[in-house]
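Below is one structure; the comments refer to it alone.
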Amino acid sequence: MYNVSLPIVFMHRVDEVHVGLCMQQAKYSNPSSRVILIGSPENKHLCGNNIEHFPLSQYKQGSQTFSRHYNHSSSNDYTYNLFCFLRWFVLRDFMRSQGINRCCYLDSDVMLYTDMSKLNNDDFHDFTFEYSWTTVCELDMLDEFCEYTTKYFRDALHYESLLQFTKELGNVPISDMVLFILFHNYALRRKATYGSVTDSGYFDNNLNCSFAPSCPEIDMLDSKKQIYQKDGALFFKITGTNDYIHSHSLHFQGHAKAYIPYFRSQDIPNTSYPMYFDYSTCKWVSAES
């Protein structure tokens, strides 16, 4: 199992209410872990008394070096897309300064429901550095990833191969997620889990998507995954079956962020019978006919 002190790290530049809710949920589900926001003076107030805050501005040395090599080739906003890359250099420099060898990194729109210290190390061998929005980061591997990413922008031939790889993926824009796929699948040579961790459950890739490759399709409701609860735990239902997958987390990507306030553990019913969340009314409804 993970050490109970495995830190959980968020990174965010602006002041948005949902960030505070996600951090508090992480602390609620992981009471023995440090929960940390690397942020700005504007969002420090979101941390309260039990969340640590560190300024982004103190960990920019490595990111500034990468910025000189970055070549923007994306329909996404330049500043946003660049920051998606820079955050990994900031995280690396932060972990070095704090003496942290391993942490759990979560995007600021991810709600975590599982105590990470109670999951086995072996479960996460392939999950490490697979998702850019929910991943376990080891410092030495993060250092490799930063160098690996820099190489693809610094060297012309590597950049051309990166462009070719985005075409193979379906003409997707160059993003840190693309580099994660390259690094995880080809540098680390690990199989993709797409959020599944053996039989213990699933780390949600995107609430707006019914499936990820190699994972079973999940029932949808109002263009989002249908979420069930029983005994206070969250589940997805596998389409066409009576089988359920336990959900370790929910990723409220895009417009789904509006539902974050309804998914604090304290506000989820704890009933012996299954209920599902009705997005149209923002209420939990009995799933029994």
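Some observations on this one:
- You will find that of Asp122, Asp126, the residue that is at pLDDT below 90, over 24 Å from Met23 (Cβ atoms) and surrounded by 16 or more Cβ atoms within 10 Å (Cβ to Cβ) is Asp126 and no other.
- A count restricted to the range 167-191 and to residues that are closer than 20 Å to Cys146 by Cβ and either exposed (fewer than 11 other Cβ atoms within 10 Å of the Cβ) or without any contact (Cβ under 8 Å) to a residue 24 or more places away in the chain (or both) stands at 5.
- Under the condition of being aliphatic (A, V, I, L, M) and either surrounded by fewer than 13 Cβ atoms within 10 Å (Cβ to Cβ) or part of a loop (DSSP other than H, G, I, E, B) (or both), the residues counted in the range 26-56 number 1.
- Test: Tyr152 is modelled with pLDDT of 95 or more, outside any loop (DSSP other than H, G, I, E, B) and within 21 Å of Thr65 (Cα to Cα): yes
- When residues in the range 57-91 are screened for being in a helix (DSSP H, G or I) and either of a type in the set (S, T, N, Q) or touching a His at 6+ places or on another chain (Cβ under 6 Å) (or both), 10 of them pass.
- Test: residue in the range 219-226 that is within 20 Å of Ser108 (Cβ to Cβ) and surrounded by 16 or more Cβ atoms within 10 Å (Cβ to Cβ): yes
- Strands (runs of 3 or more DSSP E) contained entirely in the range 196-289, each with at least 3 residues that are of a type outside the set (S, T, N, Q): 201-203, 233-237, 244-251, 275-278, 283-286
- Looking across the range 260-289 at every residue that is among the hydroxyl-bearing types (Ser, Thr, Tyr) and free of Cβ contacts under 8 Å to residues at least 40 places away in the same chain, the one that is nearest to Leu221 (Cα to Cα) is identified as Thr281.
- Of the residues making up the range 44-68, those that are within 23 Å of His158 (Cα to Cα) and either without any contact (Cβ under 8 Å) to a residue 24 or more places away in the chain or in contact with an Asp or Glu (Cβ under 9 Å, 6 or more places away or on another chain) (or both) are Gly62, Ser63, Gln64, Ser67, Arg68.
- Within the range 203-258, the residues that satisfy the criterion of being within 15 Å of Trp133 (Cβ to Cβ) and of a type in the set (A, V, I, L, M) are Leu207, Ala212, Leu250, Ala256.
- Qualifying residue in the range 243-250 (condition: hydrophobic (A, V, I, L, M, F, W, C) and under 24 Å from Leu106 (Cβ atoms)): yes
The values are calculated or read from the model by the stated rules, or taken from the named source; none is laboratory data. A quick note: this is a predicted structure, and the numbers were derived from the prediction, not measured. No Cβ is skipped: glycine too gets one built from the backbone with ideal geometry, and neighbour counts run over all protein chains shown.
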